[in-house]
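Some notes on the structure that comes next.
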Amino acid sequence: MPDFNVGFVIFPDLTQLDFTGPFEVLSRLATPPSLSSPSAFAHSRTHIVAKTMQPVLSDRGLRILPTCDFDSCPQLDLICVPGGPGVVGAIADDKTVDFVRIQSARARYVTSVCMGAFLLGAAGLLKGRRATTHWAYVDLLPLVGATHENGRIARDGNLFTSGGVTSGIDFAFRIVAELAGPEVAQAIQLGIEYDPAPPFDAGHPSKASEAAIALMVRRNEPAHNSLQQL
């Protein structure tokens, strides 16, 4: 059986949970069948892809080591682009945009988390497509030719885009269920004890207080303005 290659494109100032959330789920496709289910992808391989092999610093100071660079990366069956303020710099880097465009042309699944949608957009992959992103940036999706679809996950053919940060975990489970069956997806969910019970019900603008929304709008304003000017 050929390898099913899952690749996460990382860049300076990414938001690490945009990457590590779906990574935790999708990397478990490679769990040996004897430990999960006969339908598990024993030949799945996960790649952390960057422009160079140097450590990549997240927006909160976490250093992440790539496993391959753009030149050594195999053809990906699933490409995932995380978000974070570093998306602005990634969009301005021709080599990064070209890598995403070329890999996505042959990938079975093209995915993004949060602001990563705009890197897909810079590669021309959202034109005429339905997509979503972090709630603070959905008004900018028309700039890359996309139509906003409300929800934590938007699917348009082989394109999966997800909302802010934690929603990347949810899209990963959707894909695992499609690839390996709902039982495998549920077993992985149980294994990581993904059973959210947050102390506050403020995870979406429709639920959050006006004060919380105002605070986050101010914090996101620099990145919003930068994307608006691209």
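Within the bounds of the stretch 158-166, is there any residue that is under 29 Å from I192 (Cα atoms), at pLDDT below 95 and among the hydrophobic types (A, V, I, L, M, F, W, C)?
Scanning the stretch 158-166, I find at least one residue that is under 29 Å from I192 (Cα atoms), at pLDDT below 95 and among the hydrophobic types (A, V, I, L, M, F, W, C), so the answer is yes.
Based on what the data block shows, is S39 closer than 30 Å to G181 by Cβ, in a helix (DSSP H, G or I), at pLDDT below 95 and open to solvent by 10 Å² or more (accessible area, probe 1.4 Å)?
For S39, the condition - closer than 30 Å to G181 by Cβ, in a helix (DSSP H, G or I), at pLDDT below 95 and open to solvent by 10 Å² or more (accessible area, probe 1.4 Å) - is not met.
Go through the stretch 189-227 residue by residue and tally those that are within 19 Å of S27 (Cβ to Cβ) and either open to solvent by 70 Å² or more (accessible area, probe 1.4 Å) or more than 20 Å from the chain's Cα centre (by Cα) (or both).
Of the residues in the stretch 189-227, 4 are within 19 Å of S27 (Cβ to Cβ) and either open to solvent by 70 Å² or more (accessible area, probe 1.4 Å) or more than 20 Å from the chain's Cα centre (by Cα) (or both).
Pick out the one residue from L141, L215, L126 that is at pLDDT 95 or above and part of a helix (DSSP H, G or I).
Testing whether each residue is at pLDDT 95 or above and part of a helix (DSSP H, G or I) leaves just L141.
Could you please give the count of residues in the stretch 61-102 that are part of a loop (DSSP other than H, G, I, E, B) and under 17 Å from the mean Cα position of the chain (by Cα)?
8
Within the stretch 175-188, how many residues turn out to be outside any loop (DSSP other than H, G, I, E, B) and either surrounded by 18 or more Cβ atoms within 10 Å (Cβ to Cβ) or touching a residue at least 60 places away in the same chain (Cβ under 8 Å) (or both)?
Total meeting the criteria: 9.
Which residue pairs have Cβ atoms under 8 Å apart, sit 6 or more places apart or on different chains, and have a first residue in the stretch 49-77 that is under 20 Å from S27 (Cα atoms) and a second that is modelled with pLDDT under 95 and assigned to a loop (DSSP other than H, G, I, E, B)?
Close Cβ pairs (under 8 Å, with a partner that is modelled with pLDDT under 95 and assigned to a loop (DSSP other than H, G, I, E, B)) amount to P74/D3.
For K95, indicate whether it is touching a residue at least 12 places away in the same chain (Cβ under 8 Å), in contact with a Phe, Trp or Tyr (Cβ under 9 Å, 6 or more places away or on another chain) and among the basic types (K, R).
yes
Considering only residues that are open to solvent by less than 50 Å² (accessible area, probe 1.4 Å), in a loop (DSSP other than H, G, I, E, B) and on the phi < 0 side of the Ramachandran plot, which ones fall in the stretch 144-167?
Hits for the stretch 144-167 are A146, G163, G164.
Among the residues of the stretch 190-212, what is the count of those that are touching a residue at least 40 places away in the same chain (Cβ under 8 Å) and not in a loop (DSSP other than H, G, I, E, B)?
1
The values are calculated or read from the model by the stated rules, or taken from the named source; none is laboratory data. Since we're looking at a predicted model, the values are computed, not measured. Virtual Cβ from ideal backbone geometry, glycine too; neighbours counted across all protein chains shown. Heavy atoms of the whole protein, side chains included, go into the accessibility calculation; ligands, DNA and RNA do not. Shrake-Rupley method; radii C 1.70, N 1.55, O 1.52, S 1.80 Å.
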